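Peer 1: Can you read through this structure? Questions will come right after.
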Amino acid sequence: MLPNVSVQPAGKGPDPDKNPVSAKLRLAAAWLLCFSYFYMIPMEFSSLEWEKTGEGLWRATEGGTGLLVAVQLLLWLTGTLLVSILFLVTGLVGGFQYERKPGDGPLRGRDLAYYFAWVQVLTFASLFLFSPFAQDGGWISTFLPYFPHLLMVLLALFLFRGRLSSLGFRSFPGRRWLGICAAVGIAYAFIYFLLDPLVTEPVARIFSLDMTSWREDSISRGLAKAAGLGWVFGAGQVLMIGVIGPIAEEVLFRGVLMGVLAKRVGVAAAVFLSSAVFALSHVDVAFLAPLFVMGLILGILYAYFKNLWVPILFHIVNNTVSVVLDLLQMNG
């Protein structure tokens, strides 16, 4: 049985608003924005196009533009915009009490709702603001896809200030780092040497899936574009994909989502559910199974060590090695 993620006593969080009506409206808007964030996953899956290769394998590619996809996107954009306005207006009426007064104790459902609401609002706004500048294919286009990751980290540091330990950021005695490094090394060795032959390839054979990944191809194109702009931009991609991205995803999936779920459904179920959402959020059919296994490894590391730095370290090692190897292969 997995140990509990946190043993901190429950604490009283901030009163999100002095006005009970606007408080309820704002919390409802926060949950709707949280739903909007996660609804992007099935929406992106519905936009994938399927084709059969000459070998009789199924390949998923991005770029579906049918009527159903267009209507779905329009409804999502409209709904997200209206709810974002409601969330901001009700926050303004109440003086943004939740944001001004950090809570204490472990994270709760309301914290999850407000965090994902702000992630959705700011990501939504940044895409509208910066997308026109990314059309020319310049340096902005290489970093815009990873800008939401930076927002996730900054929002967590701000909204959960004063209780980052509830998010999983805790210090370690020096003697424990040897065990942590050994656990991360063993986990990475499994991912690097055994994940494909034991998980990726058998699942692909069972479901007749082509191993071409549109997501991996998109990342490789972004790396090639950044490397073509100069070493500074290539290093920036290593920083965004290899460091900022892993920190953001661990804050979101393990720190917030798994942390809140663990108090509702137990640690084992929280590891499983957060791993499933982690895998699905990448919208990569070819690598869905290995991403789920990687999510399980990250969740178990967090549950066992009770410290978010451990899955962050593993995630950084995995992503950084992959990005650096891709860049070296391009330059070779």
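Peer 1: For the stretch 172-319, what does the relative contact order come out to in percent, with C-alpha contacts under 8 Å and a separation of six or more?
Peer 2: 32 percent
Peer 1: Next up: Report the extension gain between Ser208 and Leu82 in nm, rounded to one decimal, defined as 0.36 nm multiplied by the number of residues separating them, less their alpha carbon distance. Please list the in-between numbers first.
Peer 2: Working: separation 126, 0.36 × 126 = 45.36 nm, distance 4.20 nm.
Additional length available on full extension: 41.2 nm.
Peer 1: Now for a different question. Once both labels are modelled 7 Å past Cα along the beta-carbon direction, what's the Ser220-Ser171 spacing in nm?
Peer 2: Reported label-point gap for Ser220 and Ser171 is 4.5 nm.
Peer 1: Also, quick follow-up: Determine the shape class of the stretch 236-286: with a ≥ b ≥ c the square roots of the Cα gyration tensor eigenvalues, call it rounded for a/c under 1.5, and otherwise prolate if a/b is greater than b/c, oblate otherwise.
Peer 2: oblate
Peer 1: Can you count the Lys pairs in the chain with C-alpha separation below 25 Å, eight or more apart or on different chains?
Peer 2: 9
Peer 1: Take Ala70 and Trp50, extend 7 Å from each Cα along the Cα→Cβ direction, and tell me the distance between the two endpoints in nm.
Peer 2: It works out to 2.3 nm between the two label points.
Peer 1: So for the pair Phe35, Leu198, with labels modelled 7 Å out along Cα→Cβ, what separation do we get in nm?
Peer 2: Reported label-point gap for Phe35 and Leu198 is 4.0 nm.
Peer 1: Once the Cβ-Cβ distance between Lys101 and Leu157 is put in as r, and R0 is 25 Å, what FRET efficiency do you end up with, to the nearest 0.05?
Peer 2: That gives a FRET efficiency of 0.95.
Peer 1: Residues with beta-carbon under 11 Å from that of His315, excluding His315: net charge, scoring Lys, Arg +1 and Asp, Glu -1?
Peer 2: -1
Peer 1: Report the convex hull volume per residue for the chain, counting only C-alpha atoms, in Å³.
Peer 2: Convex hull volume per residue, Cα atoms: 162 Å³.
Peer 1: Give me the percent relative contact order of the chain, please, defined on Cα pairs under 8 angstrom at least 6 residues apart.
Peer 2: 25 percent
Peer 1: Then there's this: Quick check on the chain: helices-only [θ] at 222 nm, where DSSP H runs of length 4 and up contribute -39,500 (n - 2.57) each and the sum goes over total residues. Nearest 500, please. Intermediate values should be presented prior to the final figure.
Peer 2: Numbers: 16 runs with 214 residues, N = 332.
Taken over the chain, the calculation gives -20500 deg cm²/dmol.
Peer 1: Ignoring ligands and nucleic acids, what accessible area does Lys52 show with a 1.4 Å probe (Å², nearest 10)?
Peer 2: Accessible area, nearest 10 Å²: 120 Å².
Peer 1: Can you tell me the accessible area per residue over the stretch 280-326, all protein chains present, probe 1.4 angstrom, in square angstrom?
Peer 2: Heavy-atom accessible area per residue stands at 32 Å².
Peer 1: Connecting C-alpha atoms closer than 10 Å in a GNM of the chain, tell me which of Phe130, Phe287, Phe272 has the biggest fluctuation.
Peer 2: Phe130
Peer 1: Also: So what is the relative contact order for the stretch 216-285, in percent, with contacts set as C-alpha pairs under 8 Å and at least six apart?
Peer 2: Reported as a whole number, the value is 18 percent.
Peer 1: Any idea of Ile300's accessible area? Nearest 10 Å², probe 1.4 Å.
Peer 2: Result for Ile300: roughly 80 Å² accessible.
Peer 1: Report, to the nearest whole %, how much of the accessible area of the chain belongs to carbon and sulfur atoms, 1.4 Å probe, protein only.
Peer 2: Summing carbon and sulfur atoms, their accessible area is 71 percent of the total for the chain.
Peer 1: Could you compute how fast the stretch 134-276 diffuses translationally, taking Rh as the Kirkwood radius over C-alpha pairs and applying Stokes-Einstein at 25 °C with viscosity 0.890 mPa s? Give it in µm² per second.
Peer 2: Answer, rounded: 135 µm²/s.
The values are calculated or read from the model by the stated rules, or taken from the named source; none is laboratory data. All values derive from a computational prediction rather than experimental measurement. So basically every Cβ, Gly included, is an ideal-geometry build from the backbone, and we count neighbours across all protein chains shown. The accessibility values were calculated without ligands, DNA or RNA, using every heavy atom of the protein model including side chains. Shrake-Rupley method; radii C 1.70, N 1.55, O 1.52, S 1.80 Å.
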